[in-house]
Amino acid sequence: MRSFFHVSDIGDLGKALEEARQVKATPFAWKELGRDKTIILIFFNSSLRTRLSSQKAALNLGMNPIVLNVGADSWKLETQLGVVMDGDKSEHLREAIPVIGSYCDLIGVRSFAGLQDRDFDYAETILSQFIEYSGKPVISLESATVHPCQAFADLITIEEYKTKPRPKVVMTWAPHPRALPQAVPNSFAEWMNAADVDFVITHPEGYELDPKFVGDVVVEYDQMKALEGADFVYAKNWSCPGVSRPEDYGKILNKDMDWVVDARHMAVTDNAYFMHCLPVRRNMIVSDEVIDSPRSIVIPEAANRVVSAQVVMKRMLEDLR
Ligand code: CP
């Protein structure tokens, strides 16, 4: 595997889930695979889960993880091509990336959408440069449009908790005080489309996700109707994807608190499990009552981030042999 961005990069999902089960059962069985290998994890943005789970996955495989916090530990990096570098950015990605590539075997990059320029974000301009100029396999640790390590962990979690062969999974938009990227819902939709689930999306009008991720999934604008009979409720905020109105890209169009997932919403489900990628704002996305209930699986979901990252790194290391 040369890069990990999309569900197609992981190949057969059944095989990937079986591999995840093996990795979870025997996490240290591949210690020799990563011996004398280095992964550099580059963070342009904050993280708790991705940073720690990626390091833990690398350590489980016997690798040496190095974390670089861009701007805090390094020079500020210029990402735009063709600019006069007379501002506060001392180094360009064009030099930094091949230098980083010369120090490691694998690279992970977290680089959120700027939410200012849809074309720049949706072209994955920063991650694409890492692929082009590093010469090393690259993992998206949440880039402008995707968060595949999260979506893979979400699918592993659904597989573990499902009690029906084809569960109903509902992804619901929820309000948030700040404009957030679409990477998590894009990837969740992409992975659920590929999985054996009955997938429904619900959000207010104007929040339609890019068709390249959602395909022909049903969008039910009535949240309560969408949640009826759900086995899993996946809550997430995202800002306007700008699909029909590019001028609204990255804007907050709605703050309706009726969309906060609470006991009233969960009551119409089939005793659904509650999921969220975290971090989550309590009583903004989900009520205390729901996230603290026995049906909340946000902690095991986060724990599976080690498993998803380890499967991806393991496959990349196997391909290096
Ligand atoms: N879910 C997730 O990616 O968490 P962090 O932003 O803390 O890494």
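The values are calculated or read from the model by the stated rules, or taken from the named source; none is laboratory data. Predicted model, so just to flag it, every value in this text is computed and none were measured. FYI the Cβ positions are ideal-geometry reconstructions off the backbone, even for glycines, and counts take in every protein chain you see. What goes into the accessible areas is simple: the full protein's heavy atoms, side chains included, and nothing from ligands, DNA or RNA. Shrake-Rupley method; radii C 1.70, N 1.55, O 1.52, S 1.80 Å.
Just to confirm the filter: which GluC sites (Glu not before Pro) across the range 220-271 are DSSP coil and have at most 14 other Cβ within 10 angstrom of their Cβ? Walk me through the intermediate numbers first.
Details: sites: 220, 228, 247; in loops: 220, 228.
Hits after loop and neighbour filter: 228.
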Point to revise | Gaussian network model of the chain, springs between alpha carbon atoms under 10 Å - residue of 259, 191, 75 with greatest fluctuation | key: 75
Revision key, fill the gap. Taking Rh as the Kirkwood radius computed over alpha-carbon pairs of the chain and applying Stokes-Einstein at 25 °C with viscosity 0.890 mPa s, one gets a diffusion coefficient in µm² s⁻¹ of 122 µm²/s
Practice item. Take the cross-link list 31/212; 164/212; 225/251 and give me the ones stretching past 32 Å between alpha-carbons. Key: 31/212
Review point. Once the principal axes of the Cα atoms of the range 150-301 are found, what is the range along each, listed largest first in whole angstroms?
Key: 43, 32, 26
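Quick one: net charge of residue 224's neighbours, Cβ under 15 Å, K/R +1, D/E -1?
Numbers: positive: 168, 225, 264; negative: 220, 222, 228, 256, 258, 262, 270.
That sum, taken over residues with Cβ under 15 Å, equals -4.
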Revision key, fill the gap. Checking 48, 68, 13 against a Gaussian network model of the chain (alpha-carbon springs below 10 Å), the top fluctuating residue turns out to be 48
Point to revise | Mean separation of Cα contacts under 8 Å, 6 or more apart, over the residue count of the chain: relative contact order % | key: 20 percent
Check your understanding: Sorted by packing (mean other beta-carbon atoms within 10 Å per residue), highest first, where do 145-158, 51-64 land?
Key -> 145-158, 51-64
Check your understanding: In straight Cα distance, which aspartates and glutamates are under 13 Å from residue 255, not counting same-chain residues fewer than 8 positions off?
Key -> 205
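Using a 1.4 Å probe on the protein heavy atoms, what percent of the accessible area of the chain belongs to carbon and sulfur? Walk me through the numbers before you get to the answer.
Working: 6880 of 13580 Å².
Result for the chain: 51 percent of the exposed heavy-atom area is carbon or sulfur.
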Review point. Rounded to the nearest whole Å², what accessible area per residue is found for the chain with the 1.4 Å probe?
Key: 42 Å²
